Amino acid sequence: MPTWPAGPGRPGVATAAAVLGLVTAGLTALMTAGLLFGLADGDDEAAFLLTIVTGVLCAAGFLAGGIRLLSRTSADLLFATSLAALASLALIAVVAETTLYGDDAGFLLGLAFLGAPLPAVTAVLARSRATVGWASSGP
């Protein structure tokens, strides 16, 4: 493994970003699967469909981004997916608030607000100087 300017090993912040990306991918896939079962029960509201579609895309992006960062390819996909997930959660909150009521609206609003910290922290870690420097000095 080539040495980068700050030393021979992977910085902890890069490892943390990749692991958070992989954890977020798993949690997103789990929630999306649960919502998919709800969709099969006849819950076809636009907010739920939006959540499922963006959940699948974000889970794939987090998985691929985490793997790319661990293989020292790039942190760009992980960072971009984190931003896309935050935008998706904001959109889900707006759509849920404007089109749903009762427990459905509360559930999606809670999902959006409780789900936002993971991609936010992942974005910050993926864009840190040590992570970008290490990944860009790779093979």
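The values are calculated or read from the model by the stated rules, or taken from the named source; none is laboratory data. The structure displayed is predicted, hence computed values, not measured ones. Here the Cβ positions follow ideal geometry from the backbone for every residue, glycine too, while neighbour counts run over all protein chains shown. Each accessible area value is taken on the protein alone, full model and side chains, heavy atoms only, with ligands, DNA and RNA left out. Shrake-Rupley method; radii C 1.70, N 1.55, O 1.52, S 1.80 Å.
On the protein heavy atoms, probe 1.4 angstrom, tell me the percent of accessible surface of the chain carried by carbon and sulfur. Walk me through the numbers before you get to the answer.
Details: 5180 of 7150 Å².
Roughly 72 percent, rounded to a whole number.
How much of residue 71 can a 1.4 Å solvent probe reach, expressed as accessible area in Å² and rounded to 10?
70
Spelling out what I want: for every residue of the stretch 126-136, take phi, set θ = phi - 60°, compute 6.51 cos²θ - 1.76 cosθ + 1.60 (Karplus), and round to whole Hz; glycine and proline get x.
In residue order, the calculated couplings are 5, 9, 5, 4, 5, 5, 5, x, 5, 5, 6 Hz.
Just how large is the dipole of the chain about the Cα centre, in debye to the nearest 20, putting +1 at every Lys and Arg Cβ and -1 at every Asp and Glu Cβ?
Numbers: 5 positive and 8 negative charges, 227 e Å.
Roughly 1100 debye, rounded to the nearest 20.
Taking the solvent-accessible surface of protein heavy atoms with a 1.4 Å probe, what is the per residue accessible area of the chain in Å²? Intermediate values should be presented prior to the final figure.
Working: 7150 Å² over 139 residues.
Per residue, the chain has 51 Å² of solvent-accessible surface.
Using the alpha-carbon atoms, what tilt in degrees (0 to 90, nearest 10) does helix 102-115 show relative to the longest principal axis of the chain?
That works out to roughly 0 degrees.
If you rank 54, 99 by how much accessible surface each has, with a 1.4 Å probe, what is the order from largest down? Kindly include the intermediate steps, with their values, before the conclusion.
Values: 54 25, 99 75 Å².
If we order 54, 99 from most to least accessible, we get 99, 54.
Using just the C-alpha positions of the stretch 58-139 as equal point scatterers, what log10 of I(q)/I(0) does the Debye formula give at each q in 0.26, 0.27 1/Å?
Summing over Cα pairs of the stretch 58-139 leads to -1.11, -1.16.
Only one of the values (i) 25, 19, 13; (ii) 34, 13, 10; (iii) 30, 16, 11 was calculated from this structure for semi-axes √(5λ) of the Cα gyration tensor in Å; name its label.
Here semi-axes √(5λ) of the Cα gyration tensor in Å agrees with entry (ii).
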